[in-house]
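Structure first, commentary second.
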Amino acid sequence: MNRDSSRLSEDSRALAEIQQQLIISLKFHHRRSLEKLPLEMALKSMMEAWSSCQSNSP
């Protein structure tokens, strides 16, 4: 495996780990809220939270 593909694999593993941590956090800390919201509203909320965390957002 060359250096570029090795780095990509490391990045993919790191992103997968972050994704799992987020899933666990949402499930543990926000379960009741997620149970009450329709999927569309929950996804919209997640998108708004994600957007507010991006460096180019106001």
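The values are calculated or read from the model by the stated rules, or taken from the named source; none is laboratory data. Small disclaimer: the values here were computed from a predicted structure and weren't measured. Neighbour counts run over all protein chains shown; Cβ positions are idealised from the backbone, glycine included. With ligands, DNA and RNA removed, areas are computed over all heavy atoms of the protein, side chains included. Shrake-Rupley method; radii C 1.70, N 1.55, O 1.52, S 1.80 Å.
What the table shows:
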quantity: Contacts under 6 angstrom Cβ, first residue in the range 37-58 being modelled with pLDDT of 95 or more, partner among the aliphatic types (A, V, I, L, M) and part of a helix (DSSP H, G or I), 6 or more apart; calculated: ALA42/LEU34
quantity: Unmet criterion (only one of (1) modelled with pLDDT under 95; (2) surrounded by 10 or more Cβ atoms within 10 Å (Cβ to Cβ)) for ILE24; calculated: (1)
quantity: Filter result for SER55 (open to solvent by less than 80 Å² (accessible area, probe 1.4 Å) and at negative phi); calculated: no
quantity: Among (1) part of a helix (DSSP H, G or I); (2) under 17 Å from the mean Cα position of the chain (by Cα) - the single one SER55 does not satisfy; calculated: (1)
